[in-house]
Every structure is written in structure tokens, then in C-alpha cells.
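Below is one structure, written out as C-alpha cells; the observations come after it.
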């Protein structure tokens, strides 16, 4: 049996050495965007956000979440509470939120954390967000994403991303992401040019099924925040009513999130938002919407954390 | 626990090492260990149903001992009935209760009554159809005095719950598997290597073929009304490879895993898509179930020993029961009926045992006639798979209507072209490997004639294919639902 185990170990070792060469070779022949390899840099603001976060210094408030976070929490409106940073990234699910929090907790040292909740992201496999981070931001720490959510796409993209960054390290520069509708605001917020949502979509009623991996990552993240004695609040940013009512199990989801901390679901709290006037698509606020939402959020924050008015970093 | 999960990737090496470490102690400990790990494996899915598995095993263990002691035939029949009622009763309740209730309500509604009966929210325990048949065969064999019952409860519990084949077969016969629990297992290097090869081949079929085919098939079958007959037929071809990759892949992983522990399980698939007629197909597809029905239904009914008409009736009965075994839906019954209709000409012409050996047994390539026969049989099988895949009878009607319409001649509209290309590549690899291995027990066995270096190249090739082509999200095996 010793011989058998020894041979398996040697074979596994050789395969783990050979495998990356095949991935790189495959990317050279078929391109870096294929079925199980998705190295797609420069398609989001992630690079800019994470590079800025590295040198941003201590903050009072840290925002986490998907595009709802980086497009929904305008850090300029939170200035009166001190310095804040928006660590939202594209399609960020609890897996990536937990991953980023672990990485940046000691860099940004926040006193308050605001976590954006978007129910559909709890059923996501999180691949899109993982490959967005891997493709745009080189860090050996990215391998942790693979352990949080093991997946062939994440593995292959990690292998190729590391090869790409290492082989281009002397003259490496990813072109700055540009989008004619967006403006990046220092601190992680992305302002959208005024656009309005014209609803012509049909929404099929459906139940959101929580992915156990996301649930576990979410709970780990909350435990980590609690261990560090950081004050936190969970927020579901407004989405269009037409989309929100298409989820059939919001009560169950709200109850679950409420067990984990103070939860404000702005789709259940009456605030004057209109699907056509204050959104630019079915689940993203436009800048008019952001102003209204942030105004109400700030009022709630002051009520929940009265000391916020006094603390400034 | 799914074979294609990280949990299993951790579970298997740990269990394997501990199992062979305790080899030096009494055989009993190895069997107890197998029972424990098998129950953990099963309980990983839903621990509540462990009691059902244990209860079912206990009933058959006790009844078989009573059967051995009892000489009075009437009382022996009562004992057998208790086993049949218990096992089939549990299976019937969990699998068919709502089906019968539905049909009962429909019948009454048809006659103008509106019974106010509520459905029960029943979860189907995974693998119940498989282990029920396995334990039943044991009791029936003991009843027929073909087998001595075991007094060793741990061997029996291990036989029923042996984790590699517990949830989706092969449905083992006690005469083959149970004696292997009585003998001391000694680690056999070449058997373990062979097991690993078979596991690798099983994973290739599941992850590269079945899961990728599933994506294409689901796209069409989830929205049948918008697809032409040609698209539905193309989807049914992919479904043929999906179900083969899925189920035979599972069997290969199960048989390979059993080899790691020193056990030999029966072959479950022998290249069924190389069959030249439907009778040959059924001798090569899900062999453990086909032979179960042959031994415990077809032969007791008289088999082929009586008149031709009786033989035909027996064949129809077996196929219809086999269809119903697959699921509580009229689709499966119709699928069984269709297969028996396919069988009919062969029975009438007495050609059902014409093709016993695998195609091109003593040749390199099949003849043109054989190729045509293989393709014709494959098309028949694909058409039957539509009955299997369409979830409801209304979906089935849409499929048949579209296939037998002008739209059958339209250019097929399959949206996921990249997936179609990559999946087709995987299918070609599988067909080539299996053709070269057609005289062996599994598709990767043909590489044994090459030097070790070339064999390693094949392993690396398959691993790269899996890494680059597998689906990102893990999917359960189709036969888990049965």
C-alpha cells in the first residue's frame, strides 16, 4: 500500500506541476476567455478600488457589497461622519465580502461596517465576482478565494492571472477602465450619469434559494466582525418594486438576515423612490435615487449609532 | 455525499487509509468500519433516512434467518410476504404515494366527484429503489434456498449499505457481494491501480460528458414549445450521452472505489451504444437492473420457456415494471412500453439473441451493415429517451408533435454553440476510447497495453480535459432521483 500511496503522491505532484503549463498553453491558443478560464481584466472598477484601498489608511465607515454598494453608498454624503471607503466590487457575494474583509480589516481599520445585502447574490456561485477580483488585482492572497469557493474556473483563472502578472511584471499595466456613463470618485464610489429606467421587462415570480457556501461565508463574516468588536449594520439597498415583489420568500430571507444583526431593508421601509425616476436599471439607483436613499440611511444611522456624529477620524 | 464533491475527495482517502490500517486486526473490525463509513456517507445527504436503511436491513436479516429455520412452506411464504410488503411498502410510500393519489383524484374528478384529499410532502430517500431491490434479492434467494443466510449482522449491514454502490447501484446480488465480506481482504496493488483508472474514466464521463450535455438538453427541454422537431431530436441525442455519461460514469466510480477496498462489483454497462439491436442494448445497459428483472420477474413468470405469446406478455410486463421502477410518472411507464414494442419484432423473428458478442469482436472495424444497425438502434433509443426526459405527459406530447411535424426538417436551433462544440469533442473522445476498450470492462482499460509513460500521458490528458471542460457548478447524478 505504501508503494500505491507513494505513486499517487508523486503523480499528483507531477500533475500539479504540468497542469499550469496546459492552462497557459490553452490560453495562448484559444484565448484567455474560454469555458473554464475567464481572465478578463479591465471590465470593472475593481482594480482602481482595490489599489486605492491598499493605501487609503484608517477609515470610520467601511462599505461592503456588490455594485449596489459602490453605486449606492455615495461616500461624499457620509463625509460628516469622517473618512469612509466603499469596498464594493462587481457582483460581490458574501464569499468575496468575507475574503476582502479579512484582507482589508487591518489596512482600513474601520469602526463601522455597512454591509449591503442583495438577496439574489445569496444564491450565486460567486464565480463572476471571484474572476473579477483575480483578473484585475494581483495578489498571492487571491488563492484564498479558491478555498472559500472551490471551482475549476477560479483555479484556472488564478493560474493564468499569476502567470500573466509575473511574466509582465516589468512592463505590466492594465489599461484604466473607462466607461462613458461612470465617474469614479476617490474612496470607491462610482457615480452614474443621469439615466432612467424604462420598465419593459417581465419578472417571473421565484423563490430565492440560499447557496450554503454563501450562507456560511456570510455567517463567518459576521462572526469575524463581532470578534473584532466592530459595529455593523446590514442594509438591503432599494431595488425596483417590480423586481422586489418577484421574490416569493422575502419574509423568510428577511427573518434570516435579521438574526445576524440590525437589518434595514429599504424595500420594506417606505421612502419616496419611484421605479422610473430613481433607477437606471431594474436594481440600480441613479444618482437622484442615491441621494434620497443615502439621506434616509444617514437618518437611520444616526438613530442607531448616535455616537457617529461625534466620532471622526 | 456526492462522488463529484470536495467532501468525497476528503472522505475517500481518509477512509481508504484507515480501512487498510485496520486490516491487521480481525476481519469483523474492517466490516464494522465499512458499516460506519457507509452510514456516514449516506447520512451526509439526510441522516433521518439512516433509520429506514437500518430498518430495511434488519427486517431482511431477521426474516432470512427465520426462513432458514422454518421448514413449513406456508409459514416460509408468510415470512417472505412480510419482507416483500415491508420493502415494497416503504418504496411504494416514499416513491409512489403521491402518484397514486394524483391518479385517484383524477379518476374521481372524471366521474364528477371532487375528493378533498391533500398531498403529502414526501422526500424520496436517495437510493431507496436500489437498496430495496438488493435486500429483496437476498431474501428471495434465501427463500428459494439458493443462498445460505448470513448470521453475521455486520457483514449483512455492510452488504446492504456498502457506500460505493449504495445510492445508485450496481444493484448487487448477495451471492456475489456478501461472500466478499466473509473473506479477509488483502491490499492488491494492481487492483487498486485498476480501480483508480476506472474512477478517472467515470469522472471524465460524468464531468465532461454528462454535465455538459445536461446544459444543452436543459435549455431545450425547459422550453419545449419554442423548439423545432429537429432541435428536440438533437437534444435527445445529447440526452442519450448525458444519461449514459452520468449513470455509467457513476457505476465506473462505484466499481473503481470498491476495487480500492478489495471488492469486485458487477459490471453495469458494457458499451450499450455499440449495440446492433435493441435486445443487445438491454443486455448492455444497466445490467444489474436488467438481470434483476430477468431473475426475479421474467423467469418466475415463465420466461421464454412457455409459448411465444406468453414470452411476449412477460417481456411487456418486465419493461413496464422497469419503467415504473424509474419513476412515479406515466412517462416512464410509456418509456417501458415503447421499449417492449421495440423488442416485439425481435421476439417474433426469434432474433433477440442474435448479437451476443460486442461489435467487431474479432475485427478492427465493424462492417457497413453493423454500422447501419448501430445507428438505427441508437436512433430508436434516442427517441425512447424523449419519453424519459420529458417531465410530464403534456411535455411528451409537445415533443412528439414537433418531431412528427415539418419542423423536423428545419435547421436545429441550439443556442449554446460553444458548449455544443466542446461537448461534441468530449463525446468523440469517449466513443473512441470505448471503442478501443470494447472487449474490456471499462472505457480506459485499452491503455493497459501501452507502456507506463504513455498510460500516464492518457491520465494527464483526461485530467486536463476535466479541468478545462467540466461544468463549474456540481450537479447530482440523474439516477439519484430513482
Given the condition more than 14 Å from chain A (Cβ to nearest Cβ), surrounded by 14 or more Cβ atoms within 10 Å (Cβ to Cβ), within 30 Å of residue A:7 (Cα to Cα) and under 23 Å from the mean Cα position of the chain (by Cα), answer yes or no: does some residue in segment B:445-467 qualify?
yes
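If we scan segment B:234-257, do we find a residue that is outside any helix (DSSP H, G or I) and in the same structural domain as residue B:459 (by TED's automatic domain parsing)?
no
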Given (1) on the phi > 0 side of the Ramachandran plot; (2) touching a residue at least 24 places away in the same chain (Cβ under 8 Å), identify the lone condition not met by residue B:347.
(1)
What number of residues in segment B:271-323 are touching a residue at least 24 places away in the same chain (Cβ under 8 Å) and over 28 Å from residue B:445 (Cβ atoms)?
11
From the residues in segment B:1-29 that are farther than 19 Å from residue B:180 by Cβ and assigned to a loop (DSSP other than H, G, I, E, B), which one is nearest to the other protein chains (Cβ to nearest Cβ)?
B:5
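Any idea which of B:408, B:365, B:387, B:433 is in the same structural domain as residue B:204 (by TED's automatic domain parsing) and at pLDDT 95 or above?
Working: B:408 fails: at pLDDT 95 or above; B:365 fails: at pLDDT 95 or above; B:387 fails: at pLDDT 95 or above.
None of the other options fit; the residue is B:433.
Kindly indicate which of B:36, B:32, B:82 is assigned to a helix (DSSP H, G or I) and over 30 Å from residue B:249 (Cα atoms).
When all the criteria are applied, what remains is B:82.
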Is it the case that some residue within segment A:220-227 is over 19 Å from the mean Cα position of the chain (by Cα) and surrounded by fewer than 20 Cβ atoms within 10 Å (Cβ to Cβ)?
yes
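Regarding residue B:79, is this residue more than 19 Å from residue B:54 (Cβ to Cβ) and in contact with a helix residue (DSSP H, G or I) (Cβ under 8 Å, 6 or more places away or on another chain)?
Values: more than 19 Å from residue B:54 (Cβ to Cβ): yes; in contact with a helix residue (DSSP H, G or I) (Cβ under 8 Å, 6 or more places away or on another chain): yes.
Answer is yes for this residue.
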Positions within segment B:357-377 being in contact (Cβ under 8 Å) with a residue 60 or more places away in the chain and more than 15 Å from residue B:435 (Cα to Cα), in sequence order
B:373, B:377
Could you tell me whether any residue of segment B:131-139 is touching a residue at least 40 places away in the same chain (Cβ under 8 Å) and within 14 Å of chain A (Cβ to nearest Cβ)?
no
Within segment B:186-207, is even one residue under 20 Å from the mean Cα position of the chain (by Cα), in contact (Cβ under 8 Å) with a residue 60 or more places away in the chain and within 20 Å of residue B:392 (Cβ to Cβ)?
no
Can you find a residue that is farther than 23 Å from residue B:379 by Cα and either surrounded by fewer than 18 Cβ atoms within 10 Å (Cβ to Cβ) or under 24 Å from the mean Cα position of the chain (by Cα) (or both) anywhere in segment B:332-339?
no
Somewhere in segment B:153-160, is a residue on the phi > 0 side of the Ramachandran plot, outside the structural domain of residue B:444 (by TED's automatic domain parsing) and either at pLDDT 95 or above or surrounded by fewer than 16 Cβ atoms within 10 Å (Cβ to Cβ) (or both)?
no
State which residue is farthest from residue B:197 (Cα to Cα) when the search covers only segment A:36-55 and only residues that are touching a helix residue (DSSP H, G or I) at 6+ places or on another chain (Cβ under 6 Å) and away from chain B (no Cβ under 14 Å).
A:53
Residue B:186, sole failed condition from (1) assigned to a loop (DSSP other than H, G, I, E, B); (2) within 14 Å of chain A (Cβ to nearest Cβ); (3) surrounded by 20 or more Cβ atoms within 10 Å (Cβ to Cβ)
(3)
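Taking residue B:386 as the residue in question, decide whether it is surrounded by fewer than 18 Cβ atoms within 10 Å (Cβ to Cβ) and out of contact with any strand residue (DSSP E or B) (no Cβ under 6 Å at 6 or more places or on another chain).
Details: surrounded by fewer than 18 Cβ atoms within 10 Å (Cβ to Cβ): no; out of contact with any strand residue (DSSP E or B) (no Cβ under 6 Å at 6 or more places or on another chain): yes.
Judged against the criteria, residue B:386 is not a match.
Report yes if some residue within segment B:461-469 is touching a strand residue (DSSP E or B) at 6+ places or on another chain (Cβ under 9 Å) and part of a helix (DSSP H, G or I); otherwise report no.
Yes.
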Please find, within segment A:98-126, the residue that is modelled with the lowest pLDDT out of those that are under 10 Å from the mean Cα position of the chain (by Cα) and under 18 Å from residue A:154 (Cα atoms).
A:126
Can you pull out the residues in segment A:144-172 that are more than 14 Å from chain B (Cβ to nearest Cβ), more than 17 Å from the chain's Cα centre (by Cα) and either assigned to a loop (DSSP other than H, G, I, E, B) or surrounded by fewer than 22 Cβ atoms within 10 Å (Cβ to Cβ) (or both)?
A:162, A:163, A:164, A:165, A:166, A:167, A:168, A:169, A:170, A:171, A:172
Look through segment B:257-271, keep the residues that are under 13 Å from the mean Cα position of the chain (by Cα) and surrounded by fewer than 21 Cβ atoms within 10 Å (Cβ to Cβ), and return whichever of them is farthest from residue B:349 (Cα to Cα).
B:266
Residue identified as modelled with pLDDT under 90, under 25 Å from residue A:45 (Cα atoms) and touching a helix residue (DSSP H, G or I) at 6+ places or on another chain (Cβ under 8 Å) among A:172, A:165, A:197:
A:172
The conditions are (1) within 26 Å of the chain's Cα centre (by Cα); (2) assigned to a helix (DSSP H, G or I); (3) more than 14 Å from chain A (Cβ to nearest Cβ); (4) modelled with pLDDT under 95, and residue B:423 fails exactly one of them. Which is it?
(3)
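Kindly state which helices (runs of 4 or more DSSP H) lie completely within segment A:194-289 and contain at least 3 residues that are under 19 Å from residue A:88 (Cβ atoms). Lay out the reasoning, then the answer.
Working: elements: A:212-227, A:241-244, A:250-259.
Helices (runs of 4 or more DSSP H) meeting the threshold: A:212-227.
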For segment B:203-218, does any single residue satisfy the condition of being assigned by TED's automatic domain parsing to the domain that holds residue B:422, assigned to a helix (DSSP H, G or I) and surrounded by fewer than 20 Cβ atoms within 10 Å (Cβ to Cβ)?
yes
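If we keep just the residues of segment B:395-420 that are within 14 Å of another protein chain (Cβ to nearest Cβ) and part of a helix (DSSP H, G or I), which is nearest to residue A:30 (Cα to Cα)?
Residues of segment B:395-420 that are within 14 Å of another protein chain (Cβ to nearest Cβ), as a first pass: B:416-420.
After this cut, where a residue has to be part of a helix (DSSP H, G or I) as well, the list is B:417-420.
Working: B:417: 16, B:418: 12, B:419: 15, B:420: 16 Å.
Looking at the filtered set, the residue picked out is B:418.
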Filter segment A:1-35 down to residues that are under 18 Å from residue A:164 (Cα atoms), modelled with pLDDT of 90 or more and within 8 Å of chain B (Cβ to nearest Cβ) and give me whichever is surrounded by the fewest Cβ atoms within 10 Å (Cβ to Cβ).
A:18
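For segment A:123-133, give me each residue that is part of a helix (DSSP H, G or I) and over 11 Å from residue A:47 (Cβ atoms). Can you show your working first?
Initial filter on segment A:123-133 (part of a helix (DSSP H, G or I)): A:127-133.
Scanning segment A:123-133 gives A:127, A:128, A:129, A:130, A:131.
The values are calculated or read from the model by the stated rules, or taken from the named source; none is laboratory data. Since we're looking at a predicted model, the values are computed, not measured. All Cβ positions, even for glycine, are placed from backbone atoms using ideal geometry, and neighbour counts span all protein chains on display.
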